[in-house]
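Undergrad: So that we are looking at the same thing, I have put the structure below in structure tokens.
The values are calculated or read from the model by the stated rules, or taken from the named source; none is laboratory data. Only a predicted model underlies this, so the values are computations on that prediction, with no experimental measurement involved. All Cβ positions, glycine included, derive from the backbone under ideal geometry; neighbour counts span all protein chains shown.
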């Protein structure tokens, strides 16, 4: 027993160090970003001087600062909540209460997972409301109504329960019955579920939240069809999403798998870009397909998840894992749900420090997609399209270099435009 408490105490210290390190690092990165953006707010970078006004540049700076302030509050709140769940005994108290009511078994474990998820969602509501109806509205981006926002929340909750509870039941059942290799079977179920979602989501889930209409603009459609044929891309079609119902932000994306692949344009994007610019944006998205970026990311995600589940399978059998994170394990019944929750709480503290590596891979993919777009569309059109999107979305043109290297999935605006210019 002394050895158990010694190891548990060591885990508690490591957990605390990781948590403090995460919070301190993120606050430092956010402060760097805020300082850099604010310092450069009074001068538009030379590469954008002819296309972005000082007023738009300063709006982007103010928008970035507002998002960073909200991110700091969210970061501190989440740290306190994590401490409350773990070292302050919140999860232990909830687990004990549910054991008293439901007894040890599958019902209690599913209830524990459901309660933790629901409590987290309720706590996040004020920040979500503020983000939508204060921050986004202040800068002219929010188009959602309170009724629509609530409707989205309810639909998301119902969908999450309909998909998440059966998946959780299967995972917990396998953990209890499949022996030492349960993690491999759970990984297979999880990987299969994600592959299935690539087919199901664009056709049956996304339309529950947005309206997707076939692209009918002849000028855009003819150009897009010709480009798709040239690139050898086979899809279910080109669709326009009513993104303007919720936001003034513009975007386009490629989704789906196999025959269910589709290209989706926000209606806001089609309203702002010329036909050559739409073609260039589409060529960029097709570049991700041509370079198999989605497939590579999925393979990487599946590999990481297999390793994570293997680690969890070992930790779930260590009493110090529970004690060191503030939970008294059930010595006569299953602790599988508790192990899952504790692992989900602690994993982000570790993976945070590899996020620069993942972000770097993502930026490399974006450069490759841009190069592909320059080969199949006009590079100048891609430049002008990106510039319009930076301006209309109030994206800062002067991010902090270290912040960008740590977080950004897309290259900094100046880097990206200069790389495209050299390829034109």
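Undergrad: Listed residues 302, 321; which is buried (at least 21 other Cβ atoms within 10 Å of the Cβ) and within 30 Å of residue 335 (Cα to Cα)?
TA: Every option except 321 fails the conditions.
Undergrad: Right, here's the next one. Restricting to the stretch 82-96, give me the number of residues that are touching a helix residue (DSSP H, G or I) at 6+ places or on another chain (Cβ under 6 Å) and surrounded by fewer than 18 Cβ atoms within 10 Å (Cβ to Cβ).
TA: Looking only at that region, the number is 1.
Undergrad: Any residue at all in the stretch 121-133 that's out of contact with any helix residue (DSSP H, G or I) (no Cβ under 7 Å at 6 or more places or on another chain), within 30 Å of residue 332 (Cα to Cα) and surrounded by 15 or more Cβ atoms within 10 Å (Cβ to Cβ)?
TA: No: zero hits.
Undergrad: With the requirement that a residue be crowded, with 16+ Cβ neighbours inside 10 Å, closer than 22 Å to residue 342 by Cα and more than 21 Å from the chain's Cα centre (by Cα), what does the stretch 8-38 give you?
TA: 8, 11, 12, 15, 18
Undergrad: Using the structure shown, decide if residue 226 is more than 30 Å from residue 340 (Cα to Cα) and without any contact (Cβ under 8 Å) to a residue 12 or more places away in the chain.
TA: Yes; evaluated as a whole, the condition is true for this residue.
Undergrad: State yes or no: is residue 164 at pLDDT below 95 and over 19 Å from the mean Cα position of the chain (by Cα)?
TA: When the stated conditions are applied, residue 164 does not pass them.
Undergrad: Given the criterion within 19 Å of residue 324 (Cβ to Cβ) and in contact (Cβ under 8 Å) with a residue 12 or more places away in the chain, identify the matching residue among 17, 7.
TA: 7
Undergrad: Just give me the residues in the stretch 194-214 being closer than 17 Å to residue 160 by Cβ, in contact with a helix residue (DSSP H, G or I) (Cβ under 7 Å, 6 or more places away or on another chain) and surrounded by 14 or more Cβ atoms within 10 Å (Cβ to Cβ), in sequence order.
TA: Matches in the stretch 194-214: 209 only.
Undergrad: Kindly list, by first and then second residue, each pair from a residue in the stretch 90-118 that is in a loop (DSSP other than H, G, I, E, B) to a residue that is surrounded by 14 or more Cβ atoms within 10 Å (Cβ to Cβ), limited to pairs with Cβ atoms under 7 Å and residues at least 6 apart or on different chains.
TA: Correct list of pairs: 104/330; 104/334.
Undergrad: For residues that are in contact with a strand residue (DSSP E or B) (Cβ under 8 Å, 6 or more places away or on another chain), under 18 Å from residue 376 (Cα atoms) and not in a helix (DSSP H, G or I), tally how many sit in the stretch 187-232.
TA: 0
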